[in-house]
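The next block holds one structure in the form of structure tokens; read it before the comments.
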Amino acid sequence: MAVNRTKITKEMIDKAVQCKTADELIALAKKEGIAITKAEAEAYMTELEDIDLSTAELEKIAGGDGHDLNCPRHEWA
């Protein structure tokens, strides 16, 4: 079953990142009304193993931190 990504919130992602096993992720998804297969959960967990950034670092990458050093309008004092 395909997951409707418009239903996934930042809070859900934060909780998913805290899961230690695929079974924990499946239980969390079920609690949130999302059905995922064991294979999908295991694939997600494998992807997480490759990530060494903190949540704060990931947020900066995903949403930006308001600093663009290459922006021509950015003025340094």
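The values are calculated or read from the model by the stated rules, or taken from the named source; none is laboratory data. Being a predicted model, the structure only gives us computed values, none of them experimental. FYI the Cβ positions are ideal-geometry reconstructions off the backbone, even for glycines, and counts take in every protein chain you see.
Some values worked out for this structure:
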{"item": "Single condition Ile36 does not satisfy, out of (1) among the hydrophobic types (A, V, I, L, M, F, W, C); (2) at pLDDT 70 or above; (3) within 14 Å of the chain's Cα centre (by Cα)", "result": "(3)"}
{"item": "Qualifying residues in the stretch 6-23 (those that are part of a helix (DSSP H, G or I) and not charged (D, E, K, R)) - the one modelled with the lowest pLDDT", "result": "Thr6"}
{"item": "Condition met for Ile26 (closer than 21 Å to Lys7 by Cα, assigned to a loop (DSSP other than H, G, I, E, B) and at pLDDT 70 or above)", "result": "no"}
{"item": "Residues (more than 15 Å from Glu47 (Cβ to Cβ) and touching a residue at least 24 places away in the same chain (Cβ under 8 Å)) located in the stretch 9-28", "result": "Asp14"}
